[in-house]
1. Over the alpha carbons of the stretch 337-412, what is the largest minus smallest coordinate on each principal axis, giving the biggest first in Å?
2. Debye calculation, C-alpha points only, no solvent: report log10 I(q)/I(0) for the chain at q = 0.06, 0.10 Å⁻¹, in the same order as the q values.
3. Ratio to report: Rg/Rh of the stretch 58-125, with Cα atoms as the point set and Rh obtained by the Kirkwood method; give two decimals.
4. Between the stretch 300-327 and the stretch 126-164, what's the alpha-carbon centroid distance in Å?
5. What 222 nm value per residue comes from the helices of the chain, counting each DSSP H run with n ≥ 4 as -39,500 (n - 2.57) and dividing by all residues, nearest 500 deg cm²/dmol?
6. Hey, if you put +1 on the Cβ of every Lys and Arg and -1 on every Asp and Glu Cβ in the stretch 308-386, which of 380, 363, 335 ends up farthest toward the positive end of that dipole?
7. Report the relative contact order of the stretch 131-202, percent, no decimals, based on alpha-carbon pairs under 8 angstrom and at least 6 residues apart.
8. Taking the Cα centre of the chain as origin, sum charge times position over the Cβ atoms of Lys and Arg (+1) and Asp and Glu (-1), and report the length of that vector in debye to the nearest 20.
Amino acid sequence: MERLIGFSPIILSVLLSIIVCILIRKNKKVFLASLIILTLVNIAIALYIFEKPIFSLIGDEKIEVAVKTNFSDPGFNATLHGKDIKEKVLVNSKVDINKIGEYNITYKLEYLLGEKILSRKVLVTDKEKPEIILNGDIDYIMYSNVKYNEPGYSAKDNYDGDITNKVTVAKEEISDKKYKLIYTVNDSSGNQTICERTVTLIEPSKVNPSKNGVIYLTFDDGPSANTTPKILDILKKQNVKATFFILNYSSANEYLVKRIVDEGHSIGIHGYSHNYKEIYTSEKNYLENLDKLQEKIKKTTGVTTNITRFPGGSSNTVSKFNKGIMTRLTKLVEAKGYKYYDWNIESGDSGGAKTKEDVYNNVIKYLSKKKANVVLMHDFSSNNKTINALNDIINYGKNNGYTFEAINDETPTIHHRVNN
Ligand SMILES: [Zn+2]
């Protein structure tokens, strides 16, 4: 029907032409001129009516877009007789930008003499790689006799969400003291992420026969203004090096920490706090207690230390309110690269020993040439019995063929049995 209406002006003009021809056929010149004009008019009308619309896509026929982004259809051009006819186009789009897939958009234009359909393919794809987050150190150091304790990992993807359960872990030997753990994860579109952790094994030096007969004097819980300087003076006079497992200190005692380092003694971390209820509440609390003092020591002296002693020792039972914490911490501090030292000779100066003679006897009674002798003493405030016994202990050691050393990398790590 529309076509018929479209053709009607032509039919009308042809009929009109014929009538004009009949009317003026006697005058040949007028007839010819009229015929030409009418023919031209007919051609012009025909061209106008048969003109097809300009209808084309803007942009490519095939478009790829990333999932969960913004997608806007680049659209199309539609004009007829120089006029915009976009509003006549029916667009059918089923693109779901949140779902990977292949979608079609169709554009349908109906006009006088027919219809025209354009289409566009939209590929919604995921090309973004998932992410793997490794907990703990990327350069993991542990003793070779300790079982590796994976610090954990997680993986997430922009499309799949949590894909931690898709992570695979492979082991690649680098040497007999080093290996790599390779964590790989693929998302559902095949995008892959790989990351690595290096595990370095170090040898525990629990037994070092060359250190048999060495006395390692260790002083815990300092520094204190009245005890530590006196102990340092005695050690200096005797030319003996010792080890101080210190606690947090005031700025007034900073010079003592400097003196310990400057005079060649070893400094170890006992803890920023000695409060069992605080530090053994969690692994996190314990490590913060360790790190906090490490940072302070570094600020004061410029050195960092890799030796530590647990408040109460690794065998303590005061931490039992947190079941198994010492079992976990002893592994954890070693995995962090620390060596922890307990003791195998107890001076008793924080408890049983009442006099300087008690302290002296407790120490010399257990000295042995068949082991490294790690002696526990304290330089907390007013510990006069230790100050007064120290000179005699050192003299006894020297006179009986013992040597004295500060704890160093060759010192056997004396460990108690863990009780919690
Ligand atoms: Zn202590």
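1. The Cα atoms of the stretch 337-412 stretch 35, 31, 16 Å along their principal axes.
2. Reported log10 I(q)/I(0), two decimals: -0.50, -0.83.
3. Details: Rg = 13.6 Å, Rh = 13.0 Å.
Here Rg/Rh amounts to 1.04.
4. The stretch 300-327 and the stretch 126-164 have Cα centres spaced 27 Å from each other.
5. Details: 9 runs with 126 residues, N = 420.
When only DSSP H runs of four or more count, the value is -9500 deg cm²/dmol.
6. Going by the Cα projections, it comes out as 335.
7. Details: 130 pairs, mean separation 25.3, N = 72.
Answer for the stretch 131-202 is 35 percent.
8. Working: 57 positive and 49 negative charges, 142 e Å.
I would put it at about 680 debye.
Where a number appears in this text, it was derived from the coordinates with a stated rule and is not lab data. Since the model is a prediction, treat every value here as computed from it, not as a measurement. Backbone-built Cβ (ideal geometry, glycine too); neighbour counts: all protein chains shown.
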